[in-house]
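FYI, it's all coordinate maths here, none of it is from the lab. Remember, predicted model here, so these are calculated numbers, not experimental data. When we count neighbours, we look across all protein chains shown, and the Cβ atoms used for this are built from the backbone with ideal geometry, even at glycine.
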Amino acid sequence: MTNLKNLFAGAAILTTTAGAAFAQDTAAPETATRIANGTQFGAWTVSCEALAVNETACVLSQRLVRRSDNAFLAELLAFQSASGDRAFLVARVPNGVYFPAGFAMRPAEGEAEETRFVWQSCSSELCEALIELDEETAEELEGAERLVAGYRPALGAEPLVFALNVQGLQDGIDALANSRKPAE
């Protein structure tokens with residue numbers, strides 16, 4: 001449960017950092033579609049936590065571990081701004097990461113340009129990098145047959161490169177947006 005609370009604390013901090021706070025958008029349509037904690041959208045799982053009475057924050061998440069030894073590689077979070085007009089994708093990696101090398105992802109095949117994340121903050125356990133995720137970028141990422149991401153886990157370390165799956169990302173973000181619409 002502590003990890004889930006940390007997940008939402010980080011998402012709330014990053015949302016604030018990105019210029020938004022968890023709140024309802026008064027310009028949104030009038031009915032919300034409920035979304036259950038644990039709902040799957042492709043590779044993504046919905047994780048929700050109550051912040052206050054009648055106020056819940058939900059994010060899409062996926063945790064990536066190395067198959068050979070279950071070592072933690074990264075955790076990805078996707079969520080919308082309070083206004084619902086912007087989406088963000090966060091990558092969490094173990095603390096100690098070599099910042100100048102950055103965190104990036106790109107399609108595994110072809111000459112596509114990589115998407116570079118911007119480092120936001122670190123705790124004693126994790127460092128977080130963020131990108132604003134527009135609909136076009138989300139669709140491009142989902143359209144790639146395979147994606148790879150990577151970072152240098154420490155100064156002088158070889159890059160840690162791994163495959164990831166973002167299928168269901170746009171559907172999940174849309175569902176999060178629909179779940180935050182004010183009730184009638």
Cβ-based exposure ranking for 97, 59, in which fewest neighbours within 10 Å come first: 97, 59
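What length, rounded to one decimal in nm, is gained on full extension from residue 71 through to residue 137, with 0.36 nm per residue of separation minus their alpha-carbon distance?
Taking 0.36 nm per residue and subtracting the Cα distance, the gain is 20.9 nm.
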Qualifying trypsin sites (Lys or Arg not before Pro) for segment 54-112 [loop in DSSP, other Cβ within 10 Å: at most 13]: 66, 67
Within segment 44-78: backbone nitrogen closer than 19 Å to the residue 122 label point (7 Å, Cα to C-beta): 72-76
Long-range amide H partners of residue 73 with built H, under 5 Å: 64, 65, 66
